[in-house]
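**Q** One structure follows; several queries about it will come next.
Computed from the coordinates by the stated procedures, all read-outs in this text should not be read as laboratory data. It should be emphasised that the depicted structure is a prediction, and the values quoted were computed from it without experimental measurement. Neighbour counts are summed over all protein chains in view; Cβ atoms, including those assigned to glycine, are modelled from backbone coordinates with ideal geometry.
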Amino acid sequence: MPKPKLPKPVREKIKDLFRQGYSNQSVFRFVKDEAKSYVSSDQELSRCISSLKGKVKRQTRVIVGKPKEVPHRAKAKEFNLLPHRKIMSKMHKDMPGKELERLCGDIASDILRSYEGFKKVQKGPKFQGTPFDFFGFKDGAPYLVELKASLSSFHSPGETQKRRLQDLLDRIRNLRVPLLQVKLNKASYRIFYHEEMKLLFYGPKAPIEPIEKWIREQCGINEQ
């Protein structure tokens with residue numbers, strides 16, 4: 001039996017995306033960057049994705065009669081972009097993603113406060129490798145909010161961010177992690193809360209202790 005070209009974390013991510021109902025094209029877009037070093041061309045990656053889709057279908061047929069748990073896919077919601085016209089005037093389609101997300105900070109804070117009920121929203125610390133963009137409270141619980149903003153698409157965080165978020169969840173009890181996706185040209189957003197996200201992925205390591213200490217200070221938690 002030939003050895004799989006893609007590593008297990010990438011294969012599992014592809015299968016999970018298919019279980020959530022994503023199309024081949026969407027899955028390709030989500031995994032292209034992390035999979036490109038393992039394949040020789042886009043065509044080869046497309047074949048790997050199609051093969052894994054077939055395996056997901058076969059597995060689904062085998063589990064007949066057993067309820068299949070499908071993660072809830074957050075619905076897009078609208079927000080009022082008019083108060084942020086000045087910020088929008090600075091954005092253009094060729095702007096790097098990091099720069100666009102930096103400009104989108106006030107818009108994201110507005111969405112969290114005005115539409116999702118967050119309190120005490122602040123930007124995350126500027127330590128190297130901080131895997132979230134905002135820290136805030138909702139219903140008394142602390143949240144690490146990861147922002148992904150684009151003019152025309154909903155994007156997902158990379159695997160390194162997901163792994164580091166999981167590291168923090170393992171270290172500090174009662175933390176919650178939502179992913180906020182913003183599509184600016186459509187004035188729409190989606191938010192996936194902690195229970196809707198799959199964060200168990202791998203990625204290169206970087207010091208997590210300074211970030212952990214900062215979060216504990218915000219939550220008023222004594223160090224262990």
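**Q** On average over all directions, what projected area in square nanometres does region 77-219 have, based on the convex hull of its Cα atoms?
**A** 8.3
**Q** Sequence gap at least 6, Cα distance under 8 Å: using those rules, report the relative contact order of region 8-62 to the nearest whole percent.
**A** Answer for region 8-62 is 42 percent.
**Q** Further, regarding this structure: Cα-based Rg of region 103-174 per 2.2 N^0.38 Å, rounded to two decimals?
**A** 1.12
**Q** What are the extents of the Cα atoms of region 8-62 along their three principal axes, in Å, largest first?
**A** Between the extreme Cα coordinates on each principal axis of region 8-62 lie 33, 19, 16 Å.
**Q** Please work out how many pairs of lysine residues in region 129-189 are eight or more positions apart (or on different chains) and have Cα atoms closer than 20 angstrom.
**A** Pairs that pass both the separation and distance tests number 4.
**Q** Using Cβ contacts closer than 10 Å as the measure, can you line up I87, I215 from fewest to most?
**A** Fewest to most other Cβ atoms nearby, the residues stand as I87, I215.
**Q** On to the next question. What nm distance separates the two modelled labels at R190 and M95, each placed 7 Å from Cα along Cα→Cβ?
**A** Distance between label points: 2.2 nm.
**Q** Please find the FRET efficiency linking R216 to Y115, where r is the Cβ-Cβ separation and R0 is fixed at 41 Å, and quote it to the nearest 0.05.
**A** Result of the calculation: an efficiency of 0.90.
**Q** Obtain the nm distance between the two label points defined at S51 and R29 by a simple spin-label model: each point lies 7 Å from its Cα along the Cα-to-C-beta direction.
**A** 2.5
**Q** Within a 10 angstrom radius of the beta carbon, how do R85, R11 rank from fewest other beta carbons to most?
**A** So the ranking, lowest neighbour count to highest, is R85, R11.
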